[in-house]
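The values are calculated or read from the model by the stated rules, or taken from the named source; none is laboratory data. As the structure is a prediction and not an experimental result, all values here were calculated from the model. Note that we place each Cβ from the backbone using ideal geometry, even for glycine, and neighbour counts take in every protein chain shown. Surface areas here come from the heavy atoms of the whole protein model, side chains and all, with no ligands, DNA or RNA. Shrake-Rupley method; radii C 1.70, N 1.55, O 1.52, S 1.80 Å.
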Number of protein chains: 2
Amino acid sequence: MKRNSSISEDNEFTFTPLVVLELAKDTHRETIEWLIQRIEGRKHLGGAHFNIRPLDDQVENSKVYLVGASWRRLLLGAEALGFVKEYQDGSMRAFTYQNKEDYKYFSDDDNDFLTMAERQFIIKRELENLRAVNETTVPGHPQVKLYPGKSIIRRLQTSGILIQLYPLHDGAELKKLSFIWYGRLKLAFQPLDDIQKYFGQNIALYFAFLEYFTIALFPMAVIGVPYYLFAWEDYDKYIVFATFNLLWSTIVLEVWKRWCAKLSYSWGTLTMKREFEEPRPGFHGKLGLNPATGRKEPTYPTYKRQMRIYLISMPFVCLSLYTCLCVMMVYFRLEKWASTYNEEVQSAFSTALLFFPSVLYVVVIEIMNRIYRYAAEYLTSWENHRLESSYQNHLIVKVLVFNFTNCFASLFYIAFVLQDMKLLRQNLAALLITSQILNQFVESLLPYWLQKRRNRKVKQKLRISSVKKELPLTDQIKLEGDMDTYLGTFDDYLELFQQFGYVSLFSCVYPLAAILAVLNNVAEVYSDALKMCRVFKRPFSEPAADMGVWMLAFEIMGVISVMTNCALIGLSPQVKGLFQENNIELVLLVVGIEHILLALKFILAFAISDIPSDIHNKLARLEFESIEALKQKQMKEADESLAKEQEQEHEEKKRSR
Amino acid sequence: MKRNSSISEDNEFTFTPLVVLELAKDTHRETIEWLIQRIEGRKHLGGAHFNIRPLDDQVENSKVYLVGASWRRLLLGAEALGFVKEYQDGSMRAFTYQNKEDYKYFSDDDNDFLTMAERQFIIKRELENLRAVNETTVPGHPQVKLYPGKSIIRRLQTSGILIQLYPLHDGAELKKLSFIWYGRLKLAFQPLDDIQKYFGQNIALYFAFLEYFTIALFPMAVIGVPYYLFAWEDYDKYIVFATFNLLWSTIVLEVWKRWCAKLSYSWGTLTMKREFEEPRPGFHGKLGLNPATGRKEPTYPTYKRQMRIYLISMPFVCLSLYTCLCVMMVYFRLEKWASTYNEEVQSAFSTALLFFPSVLYVVVIEIMNRIYRYAAEYLTSWENHRLESSYQNHLIVKVLVFNFTNCFASLFYIAFVLQDMKLLRQNLAALLITSQILNQFVESLLPYWLQKRRNRKVKQKLRISSVKKELPLTDQIKLEGDMDTYLGTFDDYLELFQQFGYVSLFSCVYPLAAILAVLNNVAEVYSDALKMCRVFKRPFSEPAADMGVWMLAFEIMGVISVMTNCALIGLSPQVKGLFQENNIELVLLVVGIEHILLALKFILAFAISDIPSDIHNKLARLEFESIEALKQKQMKEADESLAKEQEQEHEEKKRSR
């Protein structure tokens, strides 16, 4: 089969593969035929009306199929999923097939109107919406149960028949994108629109935030330099720096909301109607009726879930936090023991031993984070949430609370129990720098190197000369199918969250943190881009209008950092010296300043509106138009009905005369 | 003209007056004819298609007209304004004239489907939406300018031609309502649904909140009793009481949101689509184009408004607050002077003089509140806000900040500067009791008595025997036209807000406050009901789904009360005694507890969802149905278009063979 990179409308016979469907080797013939029939079937018969072809040259251990669709089918899918596109007049409107000619970049000969990511998303979403009609089991696999309304693809996935479903990379596009993204070593903004087109809004928003955050750190970094260089330790200068930082971080987060609204408006996700959320794949329970949809679906009583959350998960999280604190205490004991030992013995060994507790502690923290992450995922999935969003929120809360404690507990202990600012600065620097280097290495460089080696092996096996750049489709699929799957932006946001903590929680003690963060983030842009383009399977694009619950996490971190910074200033020896005779006054002053800063923060957050006024106007215009259209329609109907009524009256009057 | 209390559909000749339109005596004949023509004109000609009749027996000093509408016209208006009504299946759906028969209580012979308040609201809203088409001045009054798109009624109002526009009372209904509401002296819940039907959702929600708040105060009142009786002053008991109060007030506010959602769902306002907000009547500026509607309307640059707010209004508010504090300081000086004088002289006069400063201060506070209120209204209207909602929010913020300072500053001073808990308790009790009595008197009883006297005079003048209960329409209008206008729920909510402050800010010092508040609120229900039914002109109903910005005000008061209560406990002599040797620890402990309580408060507010799950399900069902309906429509269109396409292909293939 020849790969055809252009899609011509209406012609069902030029087939462009968009999505790969990989079935298990032992899948029954009957199952495959049934699945193909359902995928190709007409919509009103419960099909998806896509095209599906087997891969000519089969891959070992699985059966690979390629799914594509006609241009017309894709446009109809775009309408059904509520895609928002730029209209002739520059406004963003929900796409409708009937008025397709009225959209700005629409052309029937050119498939750029829907990006490849969008086309792949349409296929994924509509495949997931293929539902069992009368089938009670999967044909050919009687042990795999179905019920009317159950998503076929999801059942095939959970039963292991469908191994994976992933979108294909587009070699030429990817090359172009990676060149302008990270290929040139030149200071420039990221090509956000291109990233959005290739990877979807969700991932593009992450990179937009990474870039925005880095730029926003600049003023903090610049102001931090003189503090570091001249070792300014006056109390008034510290207060100025901390106050600036706190207000700055509030403004930064608020302005991000505006920038985010601007981006997601231009990408069409701000006004895109939310889809009706289906139960997540892992959700199980007694078969019942969904009160909203009236469809059969598993139901699970809320009180049982609440019991699992409050009686098992919450105690587990608390216990984990307690373990964290215990480990931390052990670390401080070890640290003390090592320093006493060193003082007593003063040998080369004992000096080396001084580093042992820190290294051990960092390693243990990392291991605990990973173990806990698995436990949290297991527990959250065991809590049996009906919706993916609810699952995600519970997982994020669990992981964030633990990560926060694990990473920052020792710093809090040093700052507020030991009250040793010098040690705090050392530890902060050590943690920040090692975590950044570790992350860059574990997250991007190591996988990149592994992937490169694997590619080389596969290519050698396929006996492809590395000179020939454009791979044949079969080989491309063999390569991509083996790549790791990108698990979403969770870890990337988590990393930024931790960094935000290091920068803001103790900003007045270590002004250099912002500079280190800026440097790291510049590198992060490159390594993350490399990771997206070279290491992972292409991910399905996901429409997103904002950062979701991460925004809240960053805001809460901002509030906590107001408290820590105020407390730190109060604890600093210079300030303590000023209030020598009256400690109470000092504490009250610090608490007072903290409350004022918090109030200022909330007022600022309230006063800066989340949507820029020009986008607000555009949204208002759309709203007004839809109301007016409805009124016009009603007025017409009303006038018609009144005319009829008056005729009747007229006749009645005539008769009565 | 005989008043006809039943409306028969389609018959334009039985006229039921709903709304009264009172024009100035000197209104030009031409103006009246033009106005009548516009009100009666067909919709597509820019008219409102209502019926309007002059009052036969004219009232002195004005020309009175009565506006009504046919049943069909009212139903069409209900659809245009997006009224939500109960459907056959028990769900709440936007009313459509076409499917009118499918709504639960619909009957063409019975006008109960639309309450009288709803019918009057339709007339008011559609009259306000009468817009100038080509007129540049009001015919007959060339000095009154118009421009295309300007609301005619609003211009007539601002130019003084239209004196007032108000809905008529319905004697029989009002009698029924007032009997079940406050006529029987019996402990029962208020007839909220009936209040909603007669006065609209806005006012019904206020009474619902008043009732809910009173019931919610019960547990606090009950727990407060033993503290008062046994004079418990142990520090642990106080902490228990304060903690209970703080968490209780959080839960109360969160549960109110759920109860409010339940009410507004059943009243149809929760799912009612917001109307497009028009500029408020007083808004002026250069004529320009509205970016959203494309209509001509006055425009006023935002920066000018911001300058007025930040350069004039804000300094004025700050100055007023400063004046407040100065007056308070004068009061404390006077108080001190009086007590020294009394100690020195010890005569009857000097003892009487002891009360003089408090009485003077209360009177001055009251006077300042009133003067400031006028100033705030003047300033906010001078700020020239485009939208009524924005005007209201700025006014509420101004008034709340000042009222809060004025009412509570002296208490804060006593609590935290003088640290005299006994004096605090005395002053709190005095302020709470006098303000409640004053409010009851000034707000309801005095106006009621005045109104009764006025009624008697008017009736005497009209020589109506007071035995005959049902007044003729002309006399009714003469009576109602003279009644005061109800200015909205602002003052009522403000009163509750102050009360909430007295109860919660210093709850651990004066546990009896809750009991007094409960007693006051029970009386308040009766006096407010009396006020609504007997003292004021009937107000136009106003759709509302919640308390709006007042909710935020109550929540902020809750946060402040956490701080004050923690501080009070820290200041109490018992607690101070415990930490005799180490004051710092005490302060840190108090601050720690405060932060934990605040965190708990936010977590609670976050964990309790604002909408009960059954209403959530109903909303989800509606959303799902509308999405499905859209999809069905699209699928049909898609299948049709695909069928056509395949035919074409088939033909092409045939041809190519």
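May I ask for the net charge around residue A:88, where only other residues with Cβ less than 13 Å from the Cβ of residue A:88 are counted and Lys, Arg are +1 while Asp, Glu are -1?
Values: positive: A:85, A:93, A:100, A:104; negative: A:86, A:89, A:101, A:102.
Summing Lys/Arg as +1 and Asp/Glu as -1 gives 0.
State which stretch of chain B is the longest one without any exposed GluC sites (Glu not before Pro), exposure meaning a DSSP loop state and at most 16 other Cβ atoms within 10 Å.
That would be B:278-469.
Cα convex hull of chain A: mean projected area in nm², to one decimal? Display every interim value, and only then the final one.
On the way: hull surface 171.3 nm².
The orientation-averaged projected area of the Cα hull of chain A comes to 42.8 nm².
Bins of 10 Å, beginning at zero and ending with the bin holding the largest distance: percent of Cα pairs per bin for the range A:567-657, please.
13, 16, 13, 11, 11, 10, 9, 7, 6, 4, 1
Which trypsin sites (Lys or Arg not before Pro) in the range B:143-203 pass both tests, a DSSP loop state and at most 12 other beta-carbon atoms within 10 Å? Write out the running numbers ahead of the final one.
Working: sites: B:145, B:150, B:154, B:155, B:175, B:176, B:184, B:186, B:197; in loops: B:150, B:184, B:186.
Of the trypsin sites (Lys or Arg not before Pro), the ones in loops of the range B:143-203 whose Cβ has at most 12 other Cβ atoms within 10 Å are B:184, B:186.
Divide the volume of the convex hull of the Cα atoms of the range B:158-244 by its number of residues and quote the answer in cubic angstrom per residue.
With only Cα atoms used, the range B:158-244 gives 186 Å³ per residue.
Distance from the Cα centre of the range B:276-301 to that of the range A:92-152, in angstrom?
44
Hey, any idea what % of chain B's accessible area is carbon plus sulfur with a 1.4 Å probe?
Working: 19590 of 32170 Å².
Accessible surface attributable to carbon and sulfur in chain B totals 61 percent.
What total accessible surface area, summed over both chains, is buried at the interface between chains B and A, computed with a 1.4 Å probe and given in Å² to the nearest 100?
Numbers: alone 34510 and 34560 Å², together 64390 Å².
That pair hides around 4700 Å² of surface in total.
Which of the DSSP-defined H helices in chain A satisfy a minimum axial length of 20 Å, computed from C-alpha atoms, and a minimum mean Kyte-Doolittle hydropathy of -1.0? Numbers along the way, then the final one.
On the way: long enough: A:201-229 (41 Å, 1.29); A:235-266 (46 Å, 0.36); A:314-345 (46 Å, 0.65); A:348-382 (51 Å, 0.91); A:388-412 (34 Å, 0.60); A:421-440 (28 Å, 0.50); A:446-462 (24 Å, -1.64); A:490-505 (22 Å, 0.17); A:513-530 (25 Å, 1.19); A:549-571 (33 Å, 1.82); A:583-607 (36 Å, 2.01); A:613-656 (62 Å, -1.57).
Passing helices, by number: A:201-229, A:235-266, A:314-345, A:348-382, A:388-412, A:421-440, A:490-505, A:513-530, A:549-571, A:583-607.
Sorted from shortest, what are the nm distances separating the label point of residue A:437 from equivalent points in the other copies, each placed 7 Å from Cα along Cα to C-beta?
7.8
Could you work out the relative contact order of chain A? I mean the mean sequence separation of Cα pairs under 8 Å and 6+ apart, divided by the number of residues, in percent. Walk me through the numbers on the way to the answer.
Values: 738 pairs, mean separation 115.1, N = 657.
Relative CO of chain A lands at 18 percent.
Compute the label-point distances linking residue B:134 to its equivalents in the other copies; points lie 7 Å from Cα along Cα→Cβ; give nm, one decimal, shortest first.
Inter-copy label distances (nm, one decimal, shortest first): 6.7.
Using alpha carbon centroids, what distance separates the range A:340-390 and the range B:562-585, in Å?
Here the answer is 39 Å between Cα centres.
By accessible area of protein heavy atoms, probe 1.4 Å, what ranking do B:441, B:536 get, highest first? Don't skip to the end; give the middle numbers.
Values: B:441 105, B:536 30 Å².
The ordering from most to least exposed comes out as B:441, B:536.
Check residue B:51: other-chain or 5+ apart residues with amide H under 5 Å from its amide H, H built from backbone geometry?
When sequence neighbours closer than 5 places are left aside, the close amide H contacts are B:68, B:69, B:70.
Given bins 5 angstrom wide, list per bin the percent of all Cα-Cα distances in the range A:502-653, short to long.
Distribution as computed: 2, 6, 7, 9, 10, 10, 9, 8, 7, 6, 5, 4, 4, 3, 3, 2, 2, 1, 1, 0, 0 percent.
What are the nm distances, shortest first, from residue A:355 to its equivalents in the other copies, labels at 7 Å along Cα→Cβ?
When each copy's label point is compared with this one, the spacings are 8.3 nm.
Quick check on the range A:227-349: take the gyration tensor over C-alpha atoms, sort the square-rooted eigenvalues as a ≥ b ≥ c, and tell me if it's rounded (a/c under 1.5), prolate or oblate. Write out the running numbers ahead of the final one.
Details: a/c = 3.78, a/b = 1.46, b/c = 2.58.
Oblate.
Where in the range A:163-217 are there chymotrypsin sites (Phe, Trp or Tyr not before Pro) that are in a DSSP coil and have at most 14 other Cβ atoms within 10 angstrom of their Cβ? Don't jump to the answer; show the numbers that get you there.
Numbers: sites: A:179, A:181, A:182, A:189, A:198, A:199, A:206, A:207, A:209, A:212, A:213; in loops: A:189.
When the chymotrypsin sites (Phe, Trp or Tyr not before Pro) of the range A:163-217 are filtered for loop state and at most 14 Cβ neighbours within 10 Å, A:189 remain.
Decide, for the protein assembly as shown, between rounded, prolate and oblate: order the square roots of the alpha carbon gyration tensor eigenvalues as a ≥ b ≥ c, take rounded if a/c falls under 1.5, and otherwise choose prolate if a/b is larger than b/c, else oblate. It would help to have the intermediate numbers written out before the result.
On the way: a/c = 2.09, a/b = 1.15, b/c = 1.81.
Oblate.
Please report, to one decimal in angstroms, the Kirkwood hydrodynamic radius of the range A:2-168 built from all distinct Cα-Cα pairs. Each step should come with its number before you reach the end.
Details: mean 1/r = 0.0591 Å⁻¹.
Evaluated over the range A:2-168, this radius sits at 16.9 Å.
Accessible area per residue of the range A:122-265 at 1.4 Å probe, in Å²? Write out the running numbers ahead of the final one.
Values: 6120 Å² over 144 residues.
Accessible area per residue, the range A:122-265: 42 Å².
If you filter the range A:35-72 for trypsin sites (Lys or Arg not before Pro), then keep DSSP loop positions with at most 15 other Cβ within 10 Å, what is left?
Numbers: sites: A:38, A:42, A:43, A:63, A:72; in loops: A:42.
Loop-located and lightly packed - A:42.
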